[in-house]
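Structure, as C-alpha cells:
The values are calculated or read from the model by the stated rules, or taken from the named source; none is laboratory data. Owing to the predicted nature of the structure, the values given are computational and were not obtained by experimental measurement. Cβ coordinates were reconstructed from backbone atoms using ideal geometry, including for glycine residues, and neighbour counts include every protein chain displayed.
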Amino acid sequence: MNALWTKYLPGIIREWLEGRPQLQKAIGNTGWLLFDRVLRMVIGVTVGAWVARYLGPTLFGELAYIIAFIAFFQVIAGLEADGFIVRDIARNHGDTAVILGTSLRLRIISGIICWLAAIALMYLFHSDDRQLCLLAVIVGAMLVFQASDTVDLWFESQSQSKRTVLAKLVSYLFSNGIRVCLLLIKAPLIAFAGVICLESAALAVALFVAYRRFPTDGRWQADIAQAKKLLHLCWPFVATGVMITAYMRIDQIMLKEMLGEKELGIYAAALALVQAWNIIPGTLVASLAPFVARKKSRGEAEYQDALVILFRFFAIVAFVGAGLTAVVSPWIVELLYGSEFRSSAVVLSVLVFVIVFVFQGMAQTLWVVNNNVRIANLVATFLAALVSIIANLFLIRKFGIMGAVYSYLLAQGASVMLFPCLFRRDLFSLYKRAFLGLGSGK
C-alpha cells in the first residue's frame with residue numbers, strides 16, 4: 001500500500017516506489033524533517049538578520065562570542081550519542097525504554113555540570129566584564145534543557161518525525177516572536193541572550209507534549225549497565241565533538257580576542273548564512289541513519305554501494321549550492337544585513353565553499369557509526385583542531401577576517417578528507433569509487 005503523499009508524484013516515480021514501503025517511509029520522514037528545518041531556517045535567518053541589523057557588528061559580535069564559548073560545553077552535555085541511540089533502538093526494540101531513559105538522565109546530569117563549568121571559566125577569564133559573565137549564565141542554561149533532544153531520537157528511530165514538526169515549529173515561532181517584540185521595543189543585548197535559553201525551554205515542553213501522543217511501550221528507566229555501555233561508546237565522539245567545535249568555533253573566539261567584537265560581528269553574519277545550508281545534510285543523515293544501518297546488516301557490498309551513492313549525491317548538492325550563494329552574496333548581505341555589514345559579502349563568497357566539506361562530513365558520520373572507527377576519527381579530528389588553531393594564529397594576523405576564512409576551509413578539509421583518508425584506506429577506497437569511479441563495485 002502506497003503512502004498518501006505518493007499520489008502527487010509523477011507516474012514513473014510512483015511506479016518505482018510501488019512495493020517499496022520502507023523506502024516510502026524513509027522519503028516521507030525526510031520530507032517532514034526537511035519541511036520543518038527549512039521553515040525554521042528561513043525564519044531564523046530572517047529574524048537573525050534583523051537582530052544583527054539592530055545590534056550592529058559590535059554587539060552582534062559579542063553575542064556570537066558567548067554562543068561560540070557555550071558551544072564547547074554543548075557538545076559535552078549532549079554526549080554525542082544520537083547515532084548510537086537510534087541504532088540500538090532499531091536493533092533492540094524491546095530495550096527502547098531503558099536506552100532512552102538512561103540517555104535522558106545522563107544528559108541532564110552532564111548538562112548541569114557543563115553549565116556550572118561554563119560559568120566558572122567565564123568568570124575566571126573575564127572577571128572584569130560583568131555583562132559577558134552574565135551572558136554566560138543566561139545562555140548556558142540551555143545546556144540543561146537540551147537533554148530533551150532525547151525525545152526526538154525516539155521519533156527519529158520510528159520514522160515518526162512528523163509528530164514533532166508542528167510542536168517544534170510552534171516553539172520556534174514563539175521564541176522568534178519574542179525576538180521581534182524585543183526588536184520593536186529596542187531591548188538591550190542581554191534580553192536577546194535570554195531568548196536563546198527560552199527557546200531551548202520551549203522546545204523541551206513541545207517535545208514532551210508530542211511524546212505523550214506517541215509514547216514508548218514501557219516507562220523510561222535508567223540502567224547502570226546501559227549507562228556504562230553508552231559512555232564507553234560515546235566518549236570518543238564527545239572528544240571528537242570538542243575537537244570539531246574547536247576547529248569550527250575557535251576562529252570566532254580568536255577573531256574577538258585578536259581583532260575585536262566588530263570584526264567578529266562581520267564574520268559571524270556571513271557564517272550564519274553559510275550554516276543555513278547545514279539543514280540539508282543534517283536532515284538527510286538523520287532520516288537515512290536507520291536505512292544505512294539495515295544495509296550494513298544485510299551485507300558489506302550493499303552497504304558500501306549505498307555509501308558511495310550518498311557521498312556522490314552530497315558532493316553535487318554542496319557544489320551547486322556554494323556556487324549559487326557565492327554569485328549572489330553581495331545582494332544577500334545588502335538585503336538582510338544592510339550597509340554596516342557590507343564587507344560580509346566578500347567573506348560569504350569564499351566561506352560558503354566550506355559546505356562541500358560539511359556535507360561530506362555529515363555523510364561520513366554514517367560510515368563512522370556503522371564501522372566503529374571511533375579512535376581513528378578522534379585522531380584525525382584532533383589533528384584538524386591543531387591545524388585550525390595554528391592557521392588562525394598566523395593567518396588572522398596576516399589577512400585579518402579573511403585569514404579566519406582560509407583557516408576554516410583548511411581545517412574542514414583536513415578533518416573531513418585529508419586525515420581520515422590517510423588513516424583509513426577503506427574510506428579512501430569509498431571516495432575513489434564515489435568521485436573517480438575506481439575500485440570494486442557493481
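How many residues does the range 281-337 hold that are among the hydroxyl-bearing types (Ser, Thr, Tyr) and under 19 Å from the mean Cα position of the chain (by Cα)? The qualifying residues number 2. Pairs are defined by a Cβ separation below 6 Å, a sequence spacing of at least 6 or placement on different chains, a first member in the range 214-229 that is over 20 Å from residue 84 (Cβ atoms) and at pLDDT 75 or above, and a second member that is among the basic types (Lys, Arg) and not in a loop (DSSP other than H, G, I, E, B); the pairs so defined are 214/163. Taking the condition polar (S, T, N, Q), in a helix (DSSP H, G or I) and surrounded by fewer than 23 Cβ atoms within 10 Å (Cβ to Cβ), does residue 275 pass? Criteria met by residue 275. Taking every residue in the range 428-442 that is closer than 10 Å to residue 308 by Cβ and pairing it with any residue that is of a type in the set (A, V, I, L, M) and modelled with pLDDT under 80, at least 6 positions away or on another chain, the pairs with Cβ-Cβ distances below 7 Å are 432/438.
Tell me the residue from 306, 315 that is free of Cβ contacts under 8 Å to residues at least 24 places away in the same chain, surrounded by 15 or more Cβ atoms within 10 Å (Cβ to Cβ), out of contact with any Asp or Glu (no Cβ under 7 Å at 6 or more places or on another chain) and part of a helix (DSSP H, G or I), please.
Exactly one of 306, 315 is free of Cβ contacts under 8 Å to residues at least 24 places away in the same chain, surrounded by 15 or more Cβ atoms within 10 Å (Cβ to Cβ), out of contact with any Asp or Glu (no Cβ under 7 Å at 6 or more places or on another chain) and part of a helix (DSSP H, G or I), namely 306.
When the helices (runs of 4 or more DSSP H) confined to the range 328-442 are screened for residues that are at pLDDT 90 or above and within 30 Å of residue 44 (Cβ to Cβ), those reaching at least 1 such residues are found at 344-351, 355-371, 374-399, 401-413. Sort out which residues of the range 319-369 are within 20 Å of residue 55 (Cα to Cα) and in contact with a Pro (Cβ under 7 Å, 6 or more places away or on another chain), and write them in order of number. Result: 340, 341, 345.
Whether any residue in the range 58-68 is β-branched (Val, Ile, Thr) and at pLDDT below 90 is what I want to check. For the range 58-68, residues β-branched (Val, Ile, Thr) and at pLDDT below 90: absent.
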